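The values are calculated or read from the model by the stated rules, or taken from the named source; none is laboratory data. Fair warning: this is a prediction, and the values are worked out from it, not measured in the lab. Reconstructed Cβ throughout: ideal geometry from the backbone, glycine too, with neighbour counts over all protein chains shown.
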């Protein structure tokens, strides 16, 4: 009985604080992501991003696009990888007890052509 009451107390606190269903930015990139779950959500992200930018395409505008969708982005001209001087990383996290995180990382060559594009959607762990 104690544990049932404790669970109800914790659940009501989570619901009251708004942490039960953390949200991503309200942009097309994140539409339906949380409801899809991690595997399908990651596939949705990949499909949506690769409609605009994929390996073999120019990276021009990729950073701006990701920022416009609500991600924090950093782009460097010295990635440390031979032949791939351009490195970019973007991320966004949700708040809450069981938060979510999205990472989008890419590398481009001297001609600014995307050679690597990594998209990851996962949880941040729960308390």
Flagged in the stretch 80-99 as surrounded by fewer than 20 Cβ atoms within 10 Å (Cβ to Cβ) and either without any contact (Cβ under 8 Å) to a residue 12 or more places away in the chain or closer than 21 Å to residue 60 by Cα (or both), in numbering order, are 80, 81, 82, 83, 84, 85, 87, 89, 91
Got at least one residue in the stretch 77-94 being closer than 25 Å to residue 32 by Cβ, part of a loop (DSSP other than H, G, I, E, B) and modelled with pLDDT under 95?
yes
Residues within the stretch 100-127 that are within 17 Å of residue 31 (Cα to Cα), surrounded by 15 or more Cβ atoms within 10 Å (Cβ to Cβ) and in contact (Cβ under 8 Å) with a residue 60 or more places away in the chain, tallied
4
Residues that are assigned to a helix (DSSP H, G or I) and more than 11 Å from the chain's Cα centre (by Cα): does the stretch 99-119 have at least one?
no
Within the stretch 52-75, of all residues that are part of a strand (DSSP E or B) and surrounded by 12 or more Cβ atoms within 10 Å (Cβ to Cβ), the one farthest from the chain's Cα centre (by Cα) is 58
Odd one out for residue 39, checked against (1) at pLDDT below 95; (2) in a strand (DSSP E or B):
(2)
Looking at (1) without any contact (Cβ under 8 Å) to a residue 60 or more places away in the chain; (2) closer than 22 Å to residue 23 by Cβ; (3) assigned to a strand (DSSP E or B), find the lone condition where residue 44 falls short.
(3)
Assess whether residue 49 counts as being surrounded by 18 or more Cβ atoms within 10 Å (Cβ to Cβ), part of a helix (DSSP H, G or I) and at pLDDT 95 or above.
yes
